[in-house]
Every structure is written in structure tokens, then in C-alpha cells.
Amino acid sequence: MHIDKSHSTDTQAPSRTMTARNALLATLLASMVSIAVSARQPRLVVGIMIDGLQQEYIDLLRQQFGPDGFNRLLREGVVLENVDYGTNLDAAAATAVIMTGASPSVNGIASSAHFDPLAKRNYSSLHDPAAVGNYTTETYSPRNLRVSTIADEARIAGAGVTYVYSLAPDAEQAIIMAGHAANSAAWINSGTGNWATTTFYTDFPTSLVNRNRINPLSVRLDNMQWEPSIAGAGADFLPDHLTRYPFRYTFPRSDAARYAAFKASPLVNTEIAQTATELLTSLQLGTHDGSDMLNIAFTLQPYVYSKSAENRYELVDSYIKLDQDIAGLLKTIDTRVGRDNAIIYVAATPPSSRRRRDDARWNIPVGEFSTRKAASLLNLYLIALHGNGDWVKAVSDNHFYLNADAAKAHNTEMPQLRREVAEFLSRMSGVGRATSIDDILAGTATIENGEALRRNTVASAAGDVRVDLLPGWELVDDYGTAGPKSGKINVNTLTTAPAYILAPDITPEVIRNVVDARILAPTIAGRMHIRSPNGASLAPLRFTGK
């Protein structure tokens, strides 16, 4: 039989061509599907702030953690090991940087409290007499937050259909995480233990009302105690002498600081995680047309009510307990909306720059800087230099406020007066540097961090001269009072902290380079496909997609 090979070849060629075209088309369709999946707006975004979290403790304790908490963040997420805040900020100010993508000089929040030199007292940075408290006499609102937040932009993008809630131990963090447009922000009242909010927001979830009325913390706290999760030889990552006698803390009604002590312990993290789980379920977050958002805050700062200055055992146990709380929260998110429909980002705030005084037997050099004595000597110096007058208006913490009226009466320009004061204070024992507000705002305060200090200073809330103490010195803030010593020693600390981003369309990786903290807000906003907060000026991070 004759076979026409040329004909046979001609009939097979189109077949191979069609197969190749089909394969190419399939590849293109798969790519389009992949792009569509990665571009899909998340149903739920959960933001977690952790005050004092340090990457070195995460690395140390990985074997002690379960698989579904911190280890899951490390395994499945993008790890930013060094998110830089520029200078050491407290939890409120650092949270504002993360949520707004702007520095304190732009967003208006330099710390949790601002000092009023006229009234000579501290006010919350969010103090607002026009706002009424709900389950509290405190009066707070986000009006002093000058710019929009990720939460605000999420609500705007959702056109009022999506929900935004926040939970935190303290009011400042709760409100900053909620922003201006949220449904509600709630915190634990330090006087009653109730979940509280401000009537600036329009909603107070029923689950929080029930916690206050049916299952109040004031009753539950009677039976709570904090003991180590791992005792004795099981805690082999700590020196033996620390674990030989496990700690135990209770919160009796006879203790006036019981709620404050509770809020400084890891038990508050469990309270917040459980309450967050209730909100996710009762409010059906993640089921609306758009991206719902839940922002929560935890703490891992050293326990200030510990029985000893050596409190590593307590701190390690706090990490282990929080790991379990985070694992439970992530499991709830998976169950409610699924891993492919949620973005979770975790950002730590820098560790505290104050720690308790070491036992005197160790002979660690220490000193005390009394603001009252410093102000008295400074006033005598200025009298000798310019004439009689009350030259020092007030002192709060490490800020000196000068009397502009006295300067005017003696024909002395304020910039000149501030320079003289900074030079005088810088020669006092225990002072590492004294910087005028003029030098701070000019960005020339110090060679190493002048620009960062400028960005993190709110001029309207700052003193005329700022004093920074040497390590080992204790600031005794006793100006105008005979207040007790704080017992807190100044130490040099990191201005960086880790962050983690868990999203369905990014490949896990570790970024060890220093990353500006202001970049988190535009990065998360980009993943949510919404606008960046209006104070954010940095471009978002770009990650490798799956």
C-alpha cells in the first residue's frame, strides 16, 4: 500500500500547531486567573500592634512556640526584621506612624500624653472635652490625629458598607487604630475594668456590652492568676536560678492598681484576643461587600509590677502565652473567611527606654536627675545672666518650658535664651545632651539622628529644651511636686522593631535591611487596593508574588 508521506505530514503539522496554541492559551488564561486572584480585594484585614515585641526573643523561642502563631507568621509571611521609627517612640506614637504612614510632626501624635505648661499637667494626646465617654468618664476622640489612617481609607473605599473596629488595652492605641471613620474603638478602663469607648463613634458592639454587664472583668479578675506556662526544668532556655521558684501574680480587690497590673500582664492579651474573636463572629466581619477591618493591640513590655528587676522569666512567658493567643485568632480568621481572603499584618513598637533599677549589690553605676533641682539651678543661672524673673515656666519629663514673658521683659530673644539653657543643662551631671526646639526643628540636633528627631517632634507639644540622660541615670520628675522616684533607669534601646505581613498573594521572604516604618501604611493600602492615607509620602514595598 502506498502511503503519501507528504500528506501525512501536512495533516499532523496543524495538529501540533493547535496543541501549541492551546497550551499557550491555557498558560495565558492561568496567568489571567492568577492576576485576578492576586488583585482580588481581601474580605478581611486584621492589623495587630504588639508593644515591645523584639525579634531576638522570637528567634530564641521558636522551639517553644506552637506551629500556628509566630511560627506561622515566620513560615508563611513576609518578615521585616528592622522597621525603623527613627527615635524611640511610645506605643501610641508608634501606632500612629504605622496607621498613617506619616511621622509625628505630620500626624500630630508624638506620645500618648502631652503636657500643658499653663495648666502644669499632662493630658492624653487625644483628650477632647467635647467627647463623652461610654462606660468611662474619660473624654477622648481622634480629632488631634491630623491625617487619615488605613482604617479611614478602608471605610471610605467601602462607602459605609464595610466595618472597622479596634480593641486595645489603652484608649490612645484603640482610637488611633480606629481612626476618624471607624464604627467603634474600645479599650479597658483602668478604674473599673469595663470595656469603654467614646461617643465620637456611633457603635458599641453588643458583645462588649455583655462582657461589661454579664461577665465583667471586675468579677473574673478575682479568680485570675498569672503563672508560667513552662515551669522548672522545662524552661531550659533560661538560667536555672530564674526558674527554680516560679512566679505567681494575682489581682486582688484590695489592690488599687489591680486593673493597671492586669493590663500590663499577658492576661490582657488573652482578654483582647477572646474579645476580638467574639467581634469577628458576632459582627460577621469578612462577609460584607468590600474589606472589613479589625485592628487590635497586644503588649510584650517587661512587667512593671514584677517582684524583681530581673523579670526575664515573666517576659519569656508573655511571649509563649501571646503565641497561643495569636494562633487561636488566626485559626478563627481561617474558619470565618479563609486564608485566601484575609490579610494579616503585625507591627511591633520599639522596646521601652526605661527599665527598673538593678539591685545595689551589683554596683552598676546609677544617678538621679531631679527636674526640680535642675530647674532651680537653671533659674538662678538665668537671673545672674539676664536679671530677676521666673525664667522656668514648667518642666515635664525631659522637657523644659521657658517663660516667654520674662524673656520679653528683659529684651531677650527666645532663640538666644533656648541656646543658653541648652548649653547650661548639657553641663549638668547625667545629661547626655540638651537640645533646643530650634535645633530639633532645623534637623541639626545631633549628627546621628537629627533628622529623625525632627520628624518625630510635634512643635506645639514640645518644650523649649529637651534633655536626654546618659544610660544608667534615673529621671526624677519632681518639678512642682514632691512625687516619689520613678525607679526607672534610662537605657539606650533600639529604634527598630519587626513586622510581619501575611497575604495570599505574596511569597514568604525575610527582609533584613532597615525599612522606614512609614512605608507600612502605603504597603498595606496597596494590598487592599485602596488609597494610601493622605499623610503618607513613601512608595509601598513590592513583594514577589506566588
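The values are calculated or read from the model by the stated rules, or taken from the named source; none is laboratory data. Since the model is a prediction, treat every value here as computed from it, not as a measurement. Positions of Cβ are backbone-derived with ideal geometry, glycine not excepted, and every protein chain shown enters the neighbour counts. For the accessible areas, the whole protein counts, side chains as well, though only heavy atoms, and no ligand, DNA or RNA atoms are used. Shrake-Rupley method; radii C 1.70, N 1.55, O 1.52, S 1.80 Å.
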Would you check the accessible area of Ile519, probe 1.4 Å, heavy atoms only, in square angstrom rounded to 10?
30 Å²
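For the chain, what is the mean residue ellipticity at 222 nm derived from helices alone (per DSSP H run of n ≥ 4: -39500 (n - 2.57); sum divided by total residues; nearest 500 deg cm²/dmol)?
-10500 deg cm²/dmol
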Packing rank of 183-196, 416-429, where each peptide gets the mean count of other beta carbons within 10 Å, highest leading:
183-196, 416-429
Residue-normalised value, i.e. accessible area per residue, for the chain at 1.4 Å probe, in Å², stands at 45 Å²
Could you tell me which label, among (i) 85, 63, 37; (ii) 124, 56, 48; (iii) 75, 59, 41, carries the value of Cα extents along the principal axes in Å calculated for this structure?
(ii)
How do 133-145, 503-515 rank on mean C-beta neighbours within 10 Å, highest first?
133-145, 503-515
Tilt, helix 371-386 to longest principal axis of the chain (alpha-carbon atoms), in degrees rounded to tens, equals 60 degrees
Note the angle between two axes, namely the Cα long axis of helix 91-100 and the longest principal axis of the Cα atoms of the chain, as a number of degrees from 0 to 90, rounded to the nearest 10.
40 degrees
With the dipole of the chain worked out from charges on the C-beta (+1 for Lys and Arg, -1 for Asp and Glu) around the Cα centre, which of Asn311, Tyr259, Asn398 lies farthest toward the positive end?
Tyr259
Compute the FRET efficiency between Arg121 and Arg75 as 1/(1 + (r/R0)^6), taking r as their Cβ-Cβ distance and R0 = 51 Å, and round to the nearest 0.05.
0.60
How large a share of the accessible area of the chain, in percent, is made up of carbon and sulfur atoms when the probe is 1.4 Å and the other protein chains stay in place?
51 percent
Magnitude of the Cβ-charge dipole of the chain, K/R +1 and D/E -1, about the Cα centre, nearest 20 debye?
380 debye
With label points set 7 Å from each Cα along the Cα-to-Cβ direction at Val510 and Ala409, the distance between them in nm comes to 6.3 nm
Are any of the pairs Lys263/Lys331; Lys120/Lys263; Lys263/Lys307 more than 21 Å apart by Cα-Cα distance, and if so, which?
Lys263/Lys331; Lys120/Lys263
For the range 41-134, inverting the pair-averaged 1/r of distinct alpha-carbon atoms gives a Kirkwood value in Å of 16.5 Å
If I fit a long axis through the Cα atoms of helix 267-282 and take the longest principal axis of the Cα atoms of the chain, what angle between them do I get, 0 to 90°, rounded to 10?
40 degrees
